[in-house]
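Have a look at the structure below, then the notes.
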Amino acid sequence: MTEQRSAGDAVPARLTPCVSPSREMVTAKIISGLPPYGPMATAFPREWGRLGREGTVVEFRAEAGTWVGNFQPGLGGLCHAGHHPDNRHALVISAGDLWVVDPIERTAERLLPAIQAAFEVEDPEGWIYSRQGLALARLGPAGLMWHTRRLSWDGFDQLTISGTEVTGLAWSPLDDQWHPFRVDIRTGTSEGGSFGHDPSEKWEKLVQ
């Protein structure tokens, strides 16, 4: 039977193990706030934390020790901490901003903004992200696999993964209608939607 999942199945924040380059088990977990004592949290980006601001606070635990990251919030969206499909890094989403974290080196790189929903997928293992209901992107073990063109003017509805496709509806304010679209989850190629093709946006990155 073909697996089907809808937007209601987006993955919540949770504690998830990953394996570091040294084969050390690491867990990442969102905690309620900055630690009141002990070492200061590491801020990402570093300059953002100089004024003592609090964002999405994540605790990383490993055999080598425990440390806390303080991630600048995005403009709004999902908050999540979990494993990267490469089993070396961790992933943190801070109010929509997606960070790739090296839990051993204690460094992080911001990869994508405006993540509003996340769906765990397989073959290869990874995630499909909805970017503010405007476009979709897929992360795999080697990093960002693909990114669609802009599919919607303002939001998605009935977003569903079925077999090798993501299907859904994209809103258009031009005619006050929902327009169907589909995306091949293997390559990122897409059909339909409400926005049309605008190469000047340079959002689209496909698997060749």
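Each reported figure results from applying straightforward, stated rules to the coordinates on display, with no laboratory input. Computed from a prediction, not measured in an experiment: that's the story for all the values here. Positions of Cβ are generated from backbone atoms using ideal geometry, with glycine treated the same way; all protein chains shown enter the neighbour counts.
Please report the base-10 log of the normalised intensity I(q)/I(0) for region 73-127, using a Debye sum with one equal scatterer per alpha carbon and no solvent, at each q in 0.14, 0.28, 0.29 (1/Å).
Once normalised to I(0) and log-transformed, intensities are -0.35, -1.12, -1.16.
Given springs between every Cα pair under 10 Å in a Gaussian network model of the chain, which of Ser162, Ser152, Ser194 has the largest fluctuation?
Sorting by GNM fluctuation, first place goes to Ser162.
When all C-alpha to C-alpha distances in the chain are sorted into bins of 10 Å, what percent of pairs does each bin hold, rounded to whole numbers?
It works out to 9, 34, 32, 18, 6, 1, in whole percents.
Please arrange Thr189, Thr56 by how many other C-beta atoms lie within 10 Å of their C-beta, fewest to most.
Thr189, Thr56
GNM, the chain, Cα, under 10 Å: largest mean-square fluctuation among Glu109, Glu47, Glu120?
Taking springs between Cα atoms under 10 Å, the residue moving most is Glu47.
Could you tell me the relative contact order of the chain? Use alpha-carbon pairs under 8 Å, at least six residues apart, and round to a whole percent.
Taking the mean separation of contacting Cα pairs over the length of the chain, I get 15 percent.
Return the single residue from Pro36, Pro124, Pro73 with maximal mean-square fluctuation; model: Gaussian network over the chain, springs between Cα atoms under 10 Å.
Pro36
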